[in-house]
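Derivation of every value follows stated rules applied to the coordinates shown; laboratory data play no part. Small disclaimer: the values here were computed from a predicted structure and weren't measured. All Cβ positions, glycine included, derive from the backbone under ideal geometry; neighbour counts span all protein chains shown.
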Amino acid sequence: MSDGGPEESGGAVGLPSRRRRPTPMSQWDPTARLSYWAFHANRRPAYMRFAYLQLGSDAAAEEAVDATFDSIMGEWLKMLHMDRLDAYAWTVLKHSIIDRQHRRHPWQQHPEPMDISAFEAALKEAHADQYEVLTDTIRFYSAVSRLAERQRDAVLLRYGLQCTPGEAAAVMGVDEATVRSYLGQAHRRLARLLDTSAPSPESAESAESAES
């Protein structure tokens with residue numbers, strides 16, 4: 001469990017410091033306890049599914065999410081006064097996942113999402129040939145890993161976890177319009193990476209000339 005307060009500056013969402021011990025839940029007022037457990041019940045399922053996409057095993061995902069909620073519990077009384085409580089919690093989750101990725105693969109600087117079954121299922125709807133599905137899945141997996149972090153989060157929540165844009169926004173602690181913007185940016189980036197924006201060699205050559 002974390003034992004300090006959040007450090008926020010310049011509007012950025014900080015993470016727990018280690019300056020002092022948190023107030024035990026036994027000393028919280030009933031409203032604070034109820035609000036924490038309501039948040040826990042509401043967010044844990046999505047956090048578990050997202051962590052599994054990133055870590056590839058139930059045990060690793062549960063460890064990361066448990067550590068996340070331990071940190072959140074230690075900061076909850078202060079989080080109740082934050083304007084961006086969900087965004088703070090999402091940052092704690094992301095750091096918890098990254099910490100476990102680095103423990104498992106210390107040489108890997110930019111860990112990638114591991115489970116792409118949802119993407120593979122979506123591709124199967126568009127292709128009959130299994131080899132083509134496999135090839136497209138690998139290409140899509142590689143392309144998603146090259147997106148900016150927030151774009152990748154939005155794509156994984158929207159298509160990997162089947163969240164609506166509104167649900168993804170709630171989990172990430174941002175506006176729905178922001179998630180739709182991330183998705184739009186991701187779609188354009190993926191189209192370029194996968195060459196889906198170029199239906200013919202002629203148009204592809206024109207697009208490359210325009211970008212250069």
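Structure above, values below:
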read-out: Other-chain or far-sequence residues with amide H under 5 Å of residue 163's (modelled H); value: 158
read-out: Calculated from backbone phi, Karplus (6.51, -1.76, 1.60) coupling profile of segment 26-41 in Hz, x at Gly/Pro; value: 4, 9, 6, 6, x, 5, 5, 5, 5, 5, 5, 5, 5, 5, 4, 5
read-out: Most to least packed among 29-36, 65-72 [average Cβ atoms within 10 Å]; value: 65-72, 29-36
read-out: Stokes-Einstein D (µm²/s) once Rh is taken as the Kirkwood radius of segment 35-96 over alpha-carbon pairs, at 37 °C in 0.692 mPa s; value: 282
read-out: Magnitude of the charge dipole, segment 27-67, Cβ model with Lys/Arg +1 and Asp/Glu -1, debye to 20; value: 200
